[in-house]
Amino acid sequence: MVRRTVRTQAAFLFAGAFAGLVAAGTFRPGGGALPWYALAALAVWGALFTRTAFGRFRDEGDAAELSPTASSRTLAFVVLPRLRADFEIGVLLLVLTFAVVEFAGGVTSPLYPLVYVLVAFYVSFYPRVLGLALAAATILIETAIVLSRHGIDREVLFIHAAFIGFFALLNLVFTHTEIFRLRHRGEMRLRQALQRVREAARDFRLSDACGAPAAAGPDSGRPDGASAADRRARDPLRSAVSSVHQIQETLFDTLDLLKQTLSLHTCAVLWLDADGARLKPAEIVTDAEEIDLGPYPAADGAVGAALRAARPLALGNLRPDYRGLPYYRGPIPVGSFLAAPVREGDVVRGVLVADRAAPEPFGPRERAILERAAERVARTIQNERAFMQLEKAKAEQGCLYAASQRLAGAIREGDVLDAALEAASAIAPFDAAAIALWNEEARQHRIRRTAGDVPDGLADLTFPDNQGLAAMALRTKHYLPYRGEFDDRGQVVWAAKGELRGMGSLLVLPLVTAEAAIGTLALAARRRGAFRDDVRPLLQVLANQVATSLLNARMVRRLAEAATTDALTGLANRRTFEAEIERRIRSAERFRKPLSLILCDLDHFKRINDTHGHPAGDDVLRGFADVLRECKRDPDLVARWGGEEFAVLCEETDAAGARLLAERIRGEMQACIFRTVAGEFHATCSLGIATFPTHARNREELLRRADQALYAAKESGRNTTVAAPPAARDAGRRSPAGPPVVERQPGA
């Protein structure tokens, strides 16, 4: 324990000892040289500092190699040792600085300001807690040195401590103020750049292709390995930034080529905003410095005349004080001007302008070049818009394909519901979601799955067909509410007002398949406009796929039930029972627990069918199945063995416990009354019991002994419980079993 403490705390222990040497005056030279133990302390300091610094930079490399998705617990294994190493380095530098100051003459030496510089460094570049801790350590070491060298000198102590605290506080305030200023300025620049991108995307009509920027939501399950195109299409703002940048790059190349080819002074694309009332430069190449970046009215000057005429306009011999070119701040000495409208079909979206210093008007060849360039500008924007639409369609299809694959692989209802919510979050991130299924026979809805911030008690909520949005969407087979806007104070989603507090958007989609609605998918988000017009069709397609998968899951469940369940009684069938008895015998043998088998047979069942008819016989079979279900324990297995025979498999039950259960079954069945047109009648049963390992050592023997006991019960008068006798054993070999033990009950 001591050895480990010394090894882990070596730097701090040495720093304390080193500070003690400084306070004792070891580093103040006597006769111009340091004593040998001071030199030894400096050597040890160098070794410790080198080791700590090397470990610190190694931890830095480990942190850089960590995955961005590493958990906070994983990061702690790297971050905490790194902070500890920083503190050790700071303490070692601190005691060395005091040693240098002592060597130069102590607290009154001209090198003492090094202490203030070191404190300023700590609070500026170290984490706040470490910086303040090192500043406090500086004051403590300073106090120890002053007390050892000058005694209780309150003036020196107060002045030095005040200066250390002042430097620490001043640098802390200045550093964090500058950090806040830089961060705020960076955020403002980012907001302005994003706003410009949004405006450009709206002007170029790219917003229709990419949609509005999506807000963050629950884990959407998007794969990290998605392609760049998929990520751009899933993140509309990123897609818009990339597209606007691509358009501007192409426009710049086109304008620069025109400027050099035609010897232009300025060449620019002026684009109409979404309202068509103002012009803004989309891209400009010029030799001038007095450029007005707008926006400016679309009807002003020569540019406005070209837009109104919707055809090329050329001007020559312009006056030096001509002010009809709005993209200049004042009169610019240009002699000629040429403008060509940029069309998308029959609609003018902007204008390509060019001017030069020469007064001669642009000729036909130059007009043709500018018109071709205007067509190229229009095609550039149209191509980028089409490319974005293709990327968006590709991402949507990929998302739906992934959802279809997940839904196709889900054969249980719970898996289908989980896959549905995961796919919905990938298409439109939500804050709360619920899937309700409709029970046509009971005429009620039941919420089967929830996700996100849902109120307590919503899971497994059952509600009737009402005027809530979920019930109305199911009846109309159409999504609600209109445009996905939600008022949590006045609208009822499922059963009552106020179920979704703080939600600004809601979309309830019916789960429709084969013209039948089987449930609803409700998605809610706190932000407004979460479920846009371009998202709703995708979610409706997903809802239809979910409905189909739910029907498939129900069909699979019915097939499984048909393969393992008796159709008349609803109990396990013989095949299921035989597989289960084999498994439970192995378990009983492994854990040395008893396992009892009760075989039951209805008495005179053929007489019941002949006397009262087969429908009455079916009623007796179903009634006996109900009695078995009510009498058995949860871990017991009840099955229809065949015809009028039934079997009960009781885990961890000996022969005595099985006899008690059998008698309860016999009594309950004897008390049942069956009614027909011909009158009332009773039915009784006979039961045979065998227990593993008391009566048998394997499956076949257990079934045979129980069947023998049942046969004995029927031979002895019916309405009787018979237990097989214990199997006698001698030297590991079983002797022939004796006759079954007949237990006739009163009234049998």
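The values are calculated or read from the model by the stated rules, or taken from the named source; none is laboratory data. Quick caveat: nothing in here was measured; it's all calculated off a predicted structure. Using ideal geometry, Cβ is built from the backbone for each residue, glycine included, and neighbour counts are taken over all protein chains shown. Side chains included, ligands, DNA and RNA excluded: accessible areas come from the protein's heavy atoms. Shrake-Rupley method; radii C 1.70, N 1.55, O 1.52, S 1.80 Å.
Within the range 405-422, is there a residue that is open to solvent by less than 30 Å² (accessible area, probe 1.4 Å), under 30 Å from Ser243 (Cα atoms) and touching a residue at least 12 places away in the same chain (Cβ under 8 Å)? No, the range 405-422 contains no residue that is open to solvent by less than 30 Å² (accessible area, probe 1.4 Å), under 30 Å from Ser243 (Cα atoms) and touching a residue at least 12 places away in the same chain (Cβ under 8 Å). Checked against the criterion of being touching a residue at least 60 places away in the same chain (Cβ under 8 Å), assigned to a loop (DSSP other than H, G, I, E, B) and of a type in the set (Val, Ile, Thr), the range 679-697 contains one or more residues that satisfy it. Find the residue count for the range 435-460, including only residues that are open to solvent by 30 Å² or more (accessible area, probe 1.4 Å) and small (Gly, Ala, Ser). Of the residues in the range 435-460, 4 are open to solvent by 30 Å² or more (accessible area, probe 1.4 Å) and small (Gly, Ala, Ser). Number of residues in the range 110-153 that are out of contact with any Ser or Thr (no Cβ under 7 Å at 6 or more places or on another chain), among the polar types (S, T, N, Q) and open to solvent by 10 Å² or more (accessible area, probe 1.4 Å) equals 2.
Exactly one condition in (1) more than 23 Å from Arg406 (Cα to Cα); (2) open to solvent by 80 Å² or more (accessible area, probe 1.4 Å) is not met by Met555; state its number. Only one criterion in (1) more than 23 Å from Arg406 (Cα to Cα); (2) open to solvent by 80 Å² or more (accessible area, probe 1.4 Å) is unmet by Met555, namely (1).
Can you find even one residue in the range 461-472 that is open to solvent by 60 Å² or more (accessible area, probe 1.4 Å), of a type outside the set (A, V, I, L, M, F, W, C) and under 25 Å from the mean Cα position of the chain (by Cα)? Scanning the range 461-472, I find no residue that is open to solvent by 60 Å² or more (accessible area, probe 1.4 Å), of a type outside the set (A, V, I, L, M, F, W, C) and under 25 Å from the mean Cα position of the chain (by Cα), so the answer is no.
Checking the structure you have, find out if any residue of the range 577-597 is crowded, with 22+ Cβ neighbours inside 10 Å and in contact with a Leu (Cβ under 6 Å, 6 or more places away or on another chain). Looking for residues that are crowded, with 22+ Cβ neighbours inside 10 Å and in contact with a Leu (Cβ under 6 Å, 6 or more places away or on another chain), one finds at least one in the range 577-597, hence yes.
Here is the figure for the range 487-496: residues that are surrounded by 12 or more Cβ atoms within 10 Å (Cβ to Cβ) and either touching a Lys or Arg at 6+ places or on another chain (Cβ under 9 Å) or among the basic types (Lys, Arg) (or both) total 2. Among residues of the range 705-716 being touching a residue at least 12 places away in the same chain (Cβ under 8 Å) and open to solvent by 50 Å² or more (accessible area, probe 1.4 Å), the one that is farthest from Cys600 (Cα to Cα) is Gln708. Can you spot a residue in the range 410-426 that is under 18 Å from Pro537 (Cα atoms), within 22 Å of the chain's Cα centre (by Cα), in a helix (DSSP H, G or I) and charged (D, E, K, R)? Checked the range 410-426: at least one residue is under 18 Å from Pro537 (Cα atoms), within 22 Å of the chain's Cα centre (by Cα), in a helix (DSSP H, G or I) and charged (D, E, K, R). So in the range 631-671, with the set limited to residues that are in contact with a helix residue (DSSP H, G or I) (Cβ under 7 Å, 6 or more places away or on another chain) and open to solvent by 50 Å² or more (accessible area, probe 1.4 Å), which one is farthest from Arg586 (Cα to Cα)? The residue in question is Glu668.
Hey, could you check the range 629-665 for residues that are basic (Lys, Arg) and part of a helix (DSSP H, G or I) and say which is farthest from Arg607 (Cα to Cα)? Among residues in the range 629-665 that are basic (Lys, Arg) and part of a helix (DSSP H, G or I), the one farthest from Arg607 (Cα to Cα) is Arg659.
When Leu602 is tested against (1) surrounded by fewer than 17 Cβ atoms within 10 Å (Cβ to Cβ); (2) more than 51 Å from the chain's Cα centre (by Cα), exactly one condition is not met: (1).
Among the residues of the range 614-630, those identified as open to solvent by 20 Å² or more (accessible area, probe 1.4 Å) and more than 48 Å from the chain's Cα centre (by Cα) are His614, Pro615, Asp618, Asp619, Arg622.
For the range 274-285, residues that are out of contact with any helix residue (DSSP H, G or I) (no Cβ under 8 Å at 6 or more places or on another chain) and either touching a residue at least 12 places away in the same chain (Cβ under 8 Å) or closer than 15 Å to Ala357 by Cα (or both) total 4. Taking each residue of the range 259-273 that is touching a residue at least 40 places away in the same chain (Cβ under 8 Å) and looking for partners that are in a loop (DSSP other than H, G, I, E, B) and of a type in the set (Asp, Glu) with beta-carbon atoms closer than 8 Å, six or more apart or interchain, yields His265/Asp287; Thr266/Asp287. When you scan the range 44-54, do you find a residue that is at pLDDT below 60 and touching an Asp or Glu at 6+ places or on another chain (Cβ under 7 Å), even just one? No, because not a single residue in the range 44-54 is at pLDDT below 60 and touching an Asp or Glu at 6+ places or on another chain (Cβ under 7 Å).
Looking at this structure, is Val351 surrounded by 19 or more Cβ atoms within 10 Å (Cβ to Cβ) and closer than 19 Å to Ala274 by Cβ? Taking the combined requirement at face value, the residue satisfies it. Look at the range 93-106 and say how many of its residues are over 55 Å from the mean Cα position of the chain (by Cα) and buried (at least 19 other Cβ atoms within 10 Å of the Cβ). Counting residues in the range 93-106 that are over 55 Å from the mean Cα position of the chain (by Cα) and buried (at least 19 other Cβ atoms within 10 Å of the Cβ) gives 4.
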